[in-house]
Amino acid sequence: MALTDSTITGWYKVTMVTHEYKAQGKDLEESFEMARRYSGAGDGAALFVRRDARADTWEYYFTPEAMAFATDVVKEYAWGKEYAWGQACPAPPATLKNLSLCKGEPGDKYAYLLEPPK
């Protein structure tokens, strides 16, 4: 199914292999931030990142509020690429190791993700 504005209503995850993260990760983050500012999105529009050392990948988690304006970012950096892929997903659990806020405003809605795992 093609990624369109109407197909994404929840969380979305983009996974990059480490070498592509090093080459494109900061560009994805800056593209996200530019789109967020342009859209005027507020609290809840956030991008989280996590390194999975075991799989040697980096995972970007887009909140549902972020996906309201970030589909072009996902298409540019993940859609149809061999080194990065995207998929709808559940919200990451607060206990997920190495998860941190990358860009945006989590607000009260996603504040629980900012607490370090116990």
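In region 69-118, how many residues are surrounded by 13 or more Cβ atoms within 10 Å (Cβ to Cβ) and on the phi > 0 side of the Ramachandran plot? Break it down into steps so the answer makes sense when it comes.
Kept after step one, since they are surrounded by 13 or more Cβ atoms within 10 Å (Cβ to Cβ), are these residues of region 69-118: 69-79, 81, 83-86, 88-89, 91-92, 94, 96, 99, 101-107, 109-110, 113-114.
Subset that is on the phi > 0 side of the Ramachandran plot: 104, 107.
Matching residues across region 69-118 total 2.
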Taking region 24-68 and the residues there that are within 19 Å of LYS81 (Cα to Cα) and out of contact with any strand residue (DSSP E or B) (no Cβ under 9 Å at 6 or more places or on another chain), the one that is least open to solvent (accessible area, probe 1.4 Å) would be SER31
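The values are calculated or read from the model by the stated rules, or taken from the named source; none is laboratory data. Small disclaimer: the values here were computed from a predicted structure and weren't measured. Positions of Cβ are generated from backbone atoms using ideal geometry, with glycine treated the same way; all protein chains shown enter the neighbour counts. Note: accessible area is taken over every heavy atom of the protein model, side chains too, but ligands, DNA and RNA are not part of it. Shrake-Rupley method; radii C 1.70, N 1.55, O 1.52, S 1.80 Å.
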